[in-house]
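What follows is a short report on a single structure.
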Amino acid sequence: MNKKELAMLLAKIRSFEKPKAEYEQYQTPSELAANALWQVYMDGNVVGKTITDLGSGTGIFGIGALILEAKRVIFVDADKDALKTAKENKKYIEESLRKRFNANFVNRDIIRYKGKSDVLIQNPPFGVQKPHIDKSFLQVAMNIAPIIYSFHKIESKNFIDSFARDNGFKVASVYKMGFPLKAIFHFHTKKNYFVDVGFWKIVKTANRKV
């Protein structure tokens, strides 16, 4: 499996049937997801790992991690419809690859989730509909895993640096990417949007327990 093959598989994943504005449900492009997951893979944080996909949506990151031989993936989302689609996507990829994946699906409000894993991957809402929801995602993530990969607007860099430091974590790296957003909600005034985002790797420091 190489990055191009991964992107081709992820392109087969179904998007949200009826995207919900309150959850800021934008489908992550397959190529962008593959680029991010490949970085996690090259860091040695996929193979044999238990991974949480927090705010998993239709499952593109968690399924990608399973394709790259994660031991188990826990998909967590507050939207039961998105989780249903994620389950169907997992089954479709399993049938395509003739493999069975180890996965759990948890329908729960993110701030109430208390699980643990080796690694966490998330693409949280940017906070347009619910201000500071991205901060809430980070706070929850820090109680789940010692290694976190998270998308945020690149303009949030100073905040994420200080928030990580204040909570016993540190930023190990950040990769700038462009995130295309299609006009899918009634309040959009342009056909397409393009947001500069960062893909952060945030790791626990020695004095922080998870």
Exercise for review: Multiply the residue gap between Ala206 and Met42 by 0.36 nm, knock off their C-alpha separation, and tell me the result in nm, one decimal place.
Suggested key: 56.7 nm
Review point. Which of Thr52, Thr85, Thr205 comes first, and how do the rest follow, when ranked by fewest Cβ neighbours within 10 Å?
Key: Thr205, Thr85, Thr52
Review point. For the stretch 1-115, what is the percent of antiparallel DSSP beta bridges, rounded to the nearest 5?
Key: 10 percent
Practice item. Give the calculated FRET efficiency between Glu155 and Arg98 to the nearest 0.05, with a Förster radius of 35 Å applied to their Cβ-Cβ distance. Key: 0.20
Point to revise | At R0 = 22 Å, FRET efficiency that the Cβ-Cβ distance of Asp81 and Asp196 yields, to 0.05 | key: 0.15
Review point. For the chain, modelled as a GNM with alpha-carbon contacts under 10 angstrom, which of Asn35, Asn107, Asn158 fluctuates the most?
Key: Asn158
Check your understanding: Based on Cβ point charges of +1 for Lys and Arg and -1 for Asp and Glu, what charge dipole magnitude is obtained for the chain about its Cα centre, in debye rounded to the nearest 20?
Key -> 340 debye
**Study point:** Of [x] 53, 52, 35; [y] 66, 38, 32; [z] 44, 44, 31, the label for Cα extents along the principal axes in Å derived from the coordinates
**Key:** [z]
**Study point:** Listed residue pairs exceeding 30 Å between alpha carbons, taken from Lys4/Lys135; Lys3/Lys204; Lys135/Lys176; Lys84/Lys114; Lys90/Lys209
**Key:** Lys4/Lys135; Lys90/Lys209
Revision key, fill the gap. Cβ density ranking, 10 Å radius, fewest first, applied to Trp200, Trp38 yields Trp38, Trp200
**Study point:** Extension reserve of the Asp166-Asn107 stretch, reckoned as 0.36 nm per residue once the Cα distance is removed
**Key:** 18.3 nm
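Read-outs throughout are calculated quantities, based only on the coordinates presented, and are distinct from any laboratory measurement. Note that the coordinates shown come from a computational prediction; the quantities given were computed from them, not determined experimentally. As a convention, Cβ positions derive from the backbone with ideal geometry for all residues, glycine included, and neighbour counts pool all protein chains shown.
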